[in-house]
1. With closer than 29 Å to L76 by Cβ and part of a helix (DSSP H, G or I) as the only criterion, which of L219, L187, L194 stands out?
2. Taking the condition of being charged (D, E, K, R), part of a helix (DSSP H, G or I) and surrounded by 10 or more Cβ atoms within 10 Å (Cβ to Cβ), how many residues in the range 251-267 meet it?
3. List the helices (runs of 4 or more DSSP H) that sit entirely inside the range 15-98 and contain at least 3 residues that are buried (at least 22 other Cβ atoms within 10 Å of the Cβ).
4. Would you please name the residue that is surrounded by the most Cβ atoms within 10 Å (Cβ to Cβ), looking only at residues in the range 99-116 that are within 17 Å of G229 (Cβ to Cβ) and touching a residue at least 24 places away in the same chain (Cβ under 8 Å)?
5. Tell me, yes or no, whether the range 216-224 has at least one residue that is of a type outside the set (F, W, Y), over 24 Å from N127 (Cβ atoms) and not assigned by TED's automatic domain parsing to the domain that holds E122.
6. Residue check, T146 against (1) in the same structural domain as G114 (by TED's automatic domain parsing); (2) polar (S, T, N, Q); (3) touching a Phe, Trp or Tyr at 6+ places or on another chain (Cβ under 9 Å), all met but one. Which one?
7. Can you say whether M192 is outside the structural domain of E122 (by TED's automatic domain parsing), aliphatic (A, V, I, L, M) and modelled with pLDDT under 95, as far as the supplied structure shows?
8. Select from the range 48-82 the residues that are of a type in the set (S, T, N, Q) and over 21 Å from the mean Cα position of the chain (by Cα) and list them in ascending order.
Amino acid sequence: MDKTPGGFTVHVVGLGLMGGSLAMALRDTCGHITADDVNPNVLRAAQAQGVIDGIGLDGGADVVVLAIPADRLVSLIPRIEIPAGTLVIDLGSTKTRICKQLDRLPDGVLAVGGHPMCGLAENGYANAIPTLYRGARFVLCETARTTDAARSLAERLACAVGAVPLWMDREQHDYLTALTSHLPHLLSFALMRLAMDVADEDPALYDLAAGGFDGATRLARTNADMITGMFSTNADQLRRLLPRLRGELEHLEGLLDDVPGLQEDLGEIVQARRAYTASHGERPIS
């Protein structure tokens, strides 16, 4: 199915923010890109814009990319029919449960779990951009259907969209992203829920909201379907970390009347955050 010298053909299932951005990023490196989506208007728009060449898995593809919410991936993978020799890779935000389903794909089908560490608060094809993946870590997880050929092709896909491949154990991924991604989302939603309740008591609340509130609740603008899939497929890891997070909040609460202790504690945190920025850079809030 390779229709270009050195290239590969791709079929994307789900043309939301992630799938749409991936198709856009691949446009100049792939000779043939097709897609499926539950919204026919999205498919028509993508085809009219030249982002995809066709609708449906017409004639097969070298790579099938599954770009739908994590919980839906878990139920979809056992039902998909993929020709032998095709690489299946998902873009789900959790990996353990998804990779277990990929493990069970028929012999001959190649499979790698994937999670590009990028995104925007606003989802959907209308917000897709071809530069979304540029410079991002693209986590790749082995499955029972990962061969040397599958590894090579998965890395080529990640590099083709401008990302940096990073192989990682599926359970390690889910534990670490529970802290770096899923807990921040949970906190953002919880803070916004509290704000909703207080605003019902005093509508002046939002008149006083500024950059701190906007930044802290930005993730609460994210599509609820995607976050539901994220939380529900990584609930065990979230439950491992939530008691520790509550402990940190209680620790800070206990320092509110201890100004020297509070200043010392906050100073250590500020120093750690600035060191993190110095070593890893600062990604723009979007």
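The values are calculated or read from the model by the stated rules, or taken from the named source; none is laboratory data. If you're wondering where the values come from, they're calculated on a predicted model, not measured in any experiment. Here Cβ is always computed from backbone atoms with ideal geometry, including for glycine, and neighbour counts include all displayed protein chains.
1. L219
2. Filtering the range 251-267 down to residues charged (D, E, K, R) leaves 253, 257-258, 264-265.
This time we only want the ones that are part of a helix (DSSP H, G or I), so: 253, 264-265.
Of the ones still in play, those that are also surrounded by 10 or more Cβ atoms within 10 Å (Cβ to Cβ) are 264-265.
Residues flagged as charged (D, E, K, R), part of a helix (DSSP H, G or I) and surrounded by 10 or more Cβ atoms within 10 Å (Cβ to Cβ) within the range 251-267 amount to 2.
3. 17-26
4. Here is the first cut: in the range 99-116, the residues within 17 Å of G229 (Cβ to Cβ) are 99-102, 113-116.
Subsequent filtering for residues that are touching a residue at least 24 places away in the same chain (Cβ under 8 Å) retains 99, 101-102, 113-116.
Details: C99: 27, Q101: 19, L102: 26, G113: 29, G114: 25, H115: 26, P116: 23.
Looking at residues that are within 17 Å of G229 (Cβ to Cβ) and touching a residue at least 24 places away in the same chain (Cβ under 8 Å), I get G113.
5. No, every residue in the range 216-224 fails to be of a type outside the set (F, W, Y), over 24 Å from N127 (Cβ atoms) and not assigned by TED's automatic domain parsing to the domain that holds E122.
6. Of the numbered conditions (1) in the same structural domain as G114 (by TED's automatic domain parsing); (2) polar (S, T, N, Q); (3) touching a Phe, Trp or Tyr at 6+ places or on another chain (Cβ under 9 Å), the odd one out for T146 is (3).
7. no
8. Step one: filter the range 48-82 for residues of a type in the set (S, T, N, Q), giving 49, 75.
Of everything in the range 48-82, just one residue is of a type in the set (S, T, N, Q) and over 21 Å from the mean Cα position of the chain (by Cα), namely Q49.
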